[in-house]
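Below: one structure, written as structure tokens.
The values are calculated or read from the model by the stated rules, or taken from the named source; none is laboratory data. Values in this document were obtained by computation on a predicted structure and should not be read as measured data. Ideal geometry is used to build each Cβ from the backbone, glycine not excepted, and the neighbour counts take in all protein chains shown. These accessible areas exclude ligands, DNA and RNA; they are computed on the full protein's heavy atoms, side chains included. Shrake-Rupley method; radii C 1.70, N 1.55, O 1.52, S 1.80 Å.
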Amino acid sequence: MFGCAVGRYSHWAGQFQRSTLPLMVPTLSPASFQKFYTRAVRVLQVPLLLAGMHAPPTANSAILTAVPRTTDIATLQRIASQVRRDIVHQVHGVQSGHPGGSLGCADFFTALYFNILHHQPTPWDMDGTGQDLFFLSNGHISPVFYSVLARSGYFPVSELATFRKIDSRLQGHPTTHDGLPGVRMASGSLGQGLSVAVGAALAKKMNGDDRLVYTLHGDGELQEGQIWEAAMFAAGKKVDNLISTVDYNGRQIDGDVDDVLPLGDLKGKWVAFGWDVLETNGNDMAALFTTMAEAKARTGKGKPVMVLMRTEMGQGVDFMMNSHEWHGIAPNDQQLAAALAQLEETLGDY
Ligand SMILES: Cc1ncc(C[n+]2csc(CCOP(=O)(O)OP(=O)(O)O)c2C)c(N)n1
Ligand SMILES: [Mg+2]
């Protein structure tokens, strides 16, 4: 009858979250739990604040990030190598998951979490007030997301070993109800992330919070109609604190994007929808660095910003590249060894 989780209600996301406050409370229905929590916070606010456990975020506060942000390309490349090792280890460990897109996006995620984002892993704040927010829309590439979250301090690196296991907070597709710090939106059902991000970006404007909102989408995911509805809305409402990116690898689950359903003139389409569009090589850390800085410079000018990143599915592991085949299969023991032999261990395996 007793649980040791205390819930908190995230106002803009409207999601019920567990946090790790070490309090014993009766297990209640979500509605009563929320009512209980609201009262409890009122009563406990001062002691919790004194204990540094529930510091209220302040809009536009200068956040000192715990993450060692770096502009050094060689350092970022070394982190990306470890992220790639984490990806193949996670997927091999449970013989399921999506290594292809994860490997292809390892450079982007590393640049994002160790250079681009203004973020604060601890204490974890679901609302992210005063922080940049990132929404992963193509949720199947969770291994790369979990790796950078762990490596930048959101949760212990050792927890990567629980990927896709029963009761793990690291589900195959990210969820919010498992309470994993760093995850602000459930994803996996493709096409939804842009809508969520546009809402979050508008909320930031309403709250006078001048930090930015970032998203990532797969190119196959762009075949979802909801993406274009959100794209039209974002431009129409001048959501110019939003930088969206596409993993433009030309592959999807069943084959090449051009064979399944061609995207045509993708840059032209986003321009026609009213976006400011940049293109870059998503596997070139220096190019990413420059383009994302340019993207940031273009925010606040009346248009949402799109970065189309050319990537290679499976980048970094030669036998996983040049086809869609490693979209969603796991390496066996020999393949794991062959993959690891191509990726330098730089931060220590988990
Ligand atoms: C709404 C929805 N339809 C279908 C799927 C099944 N699905 C999972 S991944 C994928 C391919 C997506 O292609 P892309 O976004 O290019 O990802 P990549 O293969 O490059 O990692 C599909 C169709 C899904 N997850 N959600
Ligand atoms: Mg793709």
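Are any residues in segment 242-265 more than 10 Å from ligand 1 (Cβ to nearest atom) and in contact with a strand residue (DSSP E or B) (Cβ under 6 Å, 6 or more places away or on another chain), and if so, which ones?
Residues satisfying the conditions are Leu242, Ile243, Ser244, Thr245.
Restricting the search to segment 240-275, which residues are of a type in the set (A, V, I, L, M) and within 23 Å of Phe134 (Cα to Cα)? It would help to see each step written out before you state the result.
Of all residues in segment 240-275, those of a type in the set (A, V, I, L, M) come to 242-243, 246, 253, 257, 260-261, 263, 266, 271-272.
Passing the criteria: Leu242, Ile243, Val246, Leu266, Val271.
Filter segment 305-338 for residues that are among the charged types (D, E, K, R) and within 16 Å of ligand 2 (Cβ to nearest atom); which is nearest to Gln82 (Cα to Cα)? Step through it out loud before you land on a result.
So in segment 305-338, the residues among the charged types (D, E, K, R) come out as 310, 312, 318, 325, 333.
Restricting the remaining residues to those that are within 16 Å of ligand 2 (Cβ to nearest atom) gives 310, 312, 325.
Numbers: Arg310: 21, Glu312: 18, Glu325: 23 Å.
Only one residue fits best here, namely Glu312.
Could you identify the single residue in Gln192, Gln171 that is out of contact with any helix residue (DSSP H, G or I) (no Cβ under 7 Å at 6 or more places or on another chain) and modelled with pLDDT of 95 or more?
Gln171
Looking at this structure, is Asp86 on the phi < 0 side of the Ramachandran plot and surrounded by fewer than 24 Cβ atoms within 10 Å (Cβ to Cβ)?
Here the answer is no, as Asp86 does not meet what is asked.
Modelled with pLDDT of 95 or more and more than 21 Å from Leu194 (Cβ to Cβ): which single residue out of Phe135, Phe114 fits that description?
Going through Phe135, Phe114 in turn, the sole match is Phe114.
Could you tell me which numbered condition Asp178 fails, if it satisfies all but one of (1) over 15 Å from the mean Cα position of the chain (by Cα); (2) buried (at least 17 other Cβ atoms within 10 Å of the Cβ)?
Unmet for Asp178, out of (1) over 15 Å from the mean Cα position of the chain (by Cα); (2) buried (at least 17 other Cβ atoms within 10 Å of the Cβ): (2).
In segment 120-149, which residues are surrounded by fewer than 24 Cβ atoms within 10 Å (Cβ to Cβ) and within 22 Å of Thr346 (Cβ to Cβ)?
Pro121
Considering only segment 181-198, how many residues are open to solvent by 40 Å² or more (accessible area, probe 1.4 Å) and not in a loop (DSSP other than H, G, I, E, B)?
2
Which one is nearest to ligand 1 (Cβ to nearest atom), of the residues in segment 225-241 that are open to solvent by 50 Å² or more (accessible area, probe 1.4 Å) and in contact with a helix residue (DSSP H, G or I) (Cβ under 8 Å, 6 or more places away or on another chain)?
Here the answer is Gln226.
Can you tell me which residue is nearest to Pro156 (Cα to Cα) among those in segment 204-224 that are in contact (Cβ under 8 Å) with a residue 24 or more places away in the chain and open to solvent by 20 Å² or more (accessible area, probe 1.4 Å)?
Looking at the filtered set, the residue picked out is Arg211.
Thr291 is checked against (1) more than 16 Å from ligand 2 (Cβ to nearest atom); (2) surrounded by fewer than 20 Cβ atoms within 10 Å (Cβ to Cβ); (3) among the polar types (S, T, N, Q) and fails just one. What number does that condition carry?
(2)
Among Gly172, Gly193, Gly220, which is the only one that is within 19 Å of His89 (Cα to Cα) and small (Gly, Ala, Ser)?
One residue alone meets the criteria, Gly172.
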